[in-house]
Amino acid sequence: MKAKKKVEYVDPTKEFLTALDAIVKEKGIDKGQVLEAMELALASAYKKHTGKANGKATVNPVTGEIKVYSYITVVEEVTNPEIEISLEDAKKINPNLEIGDTIDTEVTTEDFGRVAASTAKQVVVQKVREAERQVTLDAFQDKQDELLVGTVALEDTDNYFIDLGRSNGILPKRDIIPGEKIEMGSTIKVYVTKVDNSGRNLVIKLSRCHYGFVKRLFELEIPEFSDGTLLMYGVAREPGVRSKVAVYTEKPNFEPIGACIGEKGSRIANIIKELHGEKIDVIKYDNDPKVFIENALAPAKNLTVLITDEKKKEAIVVADDDNFSLAIGKKGLNARLASKLTRYKLDIKSMKDASELGINIKGE
């Protein structure tokens with residue numbers, strides 16, 4: 001005769017603590033929040049089961065023991081005998097009781113039934129979601145306008161979903177660099193354009209087309225931005241085609257453009273590689289708008305800049321025959337980026353046009 005297999009007794013309180021520790025570890029949330037959620041859930045289940053709002057519960061964080069109580073409150077004048085007791089009657093039970101104290105009576109949780117247990121579970125799930133959401137929000141709420149590194153996890157018709165650790169970010173396909181191919185499982189740098197906590201779920205919106213992406217790449221690759229030696233005035237960008245980046249320094253005898261280019265072009269090469277070959281013009285910012293505009297229109301040279309309206313930020317730029325097409329650029333790209341970078345409306349004229357319009361390029 002075979003010996004009967006011994007059935008091991010599983011302590012439900014230990015089982016609960018094991019499950020609780022697993023939730024805390026997996027979700028990275030505070031254990032106290034989960035215990036509080038359990039207590040609220042059981043009190044809610046008691047109310048649903050009995051129709052009374054005078055229930056409360058405790059969960060021992062060490063043993064996992066769960067106790068549910070109904071309570072009556074000591075009051076000066078009783079208006080609801082089911083949940084209140086007069087001070088005079090309370091003193092008969094315990095002479096030390098005062099107004100505002102409660103008399104607790106333990107009730108058995110088995111009396112709640114299936115519906116009550118379901119209610120408790122729903123409340124716990126909701127509280128855990130809220131706690132998890134808060135943890136995620138705390139991790140990402142200060143990440144807007146920052147550069148993050150994630151893993152390409154999912155794809156649908158319009159978006160890539162980037163695993164950022166505690167949450168997925170949304171990278172719309174319209175916000176990737178034109179021509180680049182995104183592979184599932186690959187590591188990718190992304191710029192956070194918005195952290196939206198207004199809906200049911202936290203939404204982290206990402207981009208690789210935003211001009212801020214170029215700005216953060218420069219700061220990542222060039223350490224002089226971190227210590228304040230290099231400063232950035234701004235970035236103008238046409239994703240996948242060209243960017244103009246204006247930099248300057250307040251340190252004497254320091255060359256800002258050279259620092260951005262790096263030895264043998266190593267620093268700028270790393271940035272261009274991340275941008276999949278997008279061309280970059282590093283421009284020296286100048287407080288004098290005339291000088292800055294001329295710098296911004298590189299590779300064009302020998303330009304004459306006339307500020308026509310300083311308040312409206314309007315200027316005329318006169319270029320000789322050799323530099324006119326360079327100043328405008330293919331399909332007007334160079335002029336358009338320079339205008340964005342300098343924040344001036346630029347009207348680029350040839351020498352011939354300027355002469356016919358009576359523009360004095362000597363500024364006299």
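This table checks each residue for (1) surrounded by 15 or more Cβ atoms within 10 Å (Cβ to Cβ); (2) touching a residue at least 12 places away in the same chain (Cβ under 8 Å); (3) in a loop (DSSP other than H, G, I, E, B); (4) basic (K, R).
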residue	(1), (2), (3), (4)
K264	no, no, no, yes
N287	no, no, yes, no
L306	yes, yes, no, no
K311	no, no, yes, yes
D321	no, yes, yes, no
L326	yes, yes, no, no
K340	yes, yes, no, yes
Condition check for L40: out of contact with any Lys or Arg (no Cβ under 8 Å at 6 or more places or on another chain), under 26 Å from E132 (Cβ atoms) and part of a helix (DSSP H, G or I)
no
Which residue is farthest from D145 (Cα to Cα), if the candidates are limited to the range 210-230 and must be of a type outside the set (D, E, K, R), surrounded by fewer than 20 Cβ atoms within 10 Å (Cβ to Cβ) and out of contact with any strand residue (DSSP E or B) (no Cβ under 8 Å at 6 or more places or on another chain)?
T229
Write out, first by first residue and then by second, each pair whose Cβ atoms fall under 7 Å of each other, whose residues are 6+ apart or on separate chains, and whose first residue, in the range 129-141, is within 13 Å of N201 (Cα to Cα) while the second is among the acidic types (D, E) and not in a helix (DSSP H, G or I).
A131/D30
Across the range 135-166, the tally of residues that are over 24 Å from R242 (Cβ atoms) and part of a strand (DSSP E or B) stands at 13
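Kindly establish whether E76 is within 15 Å of T102 (Cα to Cα), at pLDDT 85 or above, charged (D, E, K, R) and surrounded by 14 or more Cβ atoms within 10 Å (Cβ to Cβ).
Numbers: within 15 Å of T102 (Cα to Cα): yes; at pLDDT 85 or above: yes; charged (D, E, K, R): yes; surrounded by 14 or more Cβ atoms within 10 Å (Cβ to Cβ): no.
In short, no.
If the requirement is being within 30 Å of K251 (Cα to Cα) and either assigned to a strand (DSSP E or B) or charged (D, E, K, R) (or both), which of these qualifies: G212, G234, G169, G228?
Values: G212 fails: either assigned to a strand (DSSP E or B) or charged (D, E, K, R) (or both); G169 fails: within 30 Å of K251 (Cα to Cα); G228 fails: either assigned to a strand (DSSP E or B) or charged (D, E, K, R) (or both).
Among G212, G234, G169, G228, only G234 is within 30 Å of K251 (Cα to Cα) and either assigned to a strand (DSSP E or B) or charged (D, E, K, R) (or both).
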Per the filter on the range 43-69, residues surrounded by 19 or more Cβ atoms within 10 Å (Cβ to Cβ) and in a strand (DSSP E or B) are G55, A57, V59, V68
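Here is a check on your reading of the model: is V195 within 30 Å of Y46 (Cβ to Cβ), under 15 Å from the mean Cα position of the chain (by Cα), surrounded by 15 or more Cβ atoms within 10 Å (Cβ to Cβ) and among the β-branched types (V, I, T)?
Details: within 30 Å of Y46 (Cβ to Cβ): no; under 15 Å from the mean Cα position of the chain (by Cα): yes; surrounded by 15 or more Cβ atoms within 10 Å (Cβ to Cβ): yes; among the β-branched types (V, I, T): yes.
Taking the combined requirement at face value, the residue does not satisfy it.
So which of K273, K251 is in a loop (DSSP other than H, G, I, E, B), free of Cβ contacts under 8 Å to residues at least 60 places away in the same chain and out of contact with any strand residue (DSSP E or B) (no Cβ under 6 Å at 6 or more places or on another chain)? Quick ask: steps written out before the conclusion?
Values: K273 fails: in a loop (DSSP other than H, G, I, E, B).
When all the criteria are applied, what remains is K251.
Run down K205, K264, K251 and say which single residue is charged (D, E, K, R) and under 24 Å from the mean Cα position of the chain (by Cα).
Working: K264 fails: under 24 Å from the mean Cα position of the chain (by Cα); K251 fails: under 24 Å from the mean Cα position of the chain (by Cα).
Step by step, each of K205, K264, K251 is checked, and only K205 is charged (D, E, K, R) and under 24 Å from the mean Cα position of the chain (by Cα).
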Restricting the range 82-110 to residues that are under 19 Å from H49 (Cα atoms) and of a type outside the set (D, E), which is nearest to the chain's Cα centre (by Cα)?
T109
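The values are calculated or read from the model by the stated rules, or taken from the named source; none is laboratory data. Owing to the predicted nature of the structure, the values given are computational and were not obtained by experimental measurement. Note: ideal-geometry Cβ built from the backbone for every residue, glycine included; neighbour counts use all protein chains shown.
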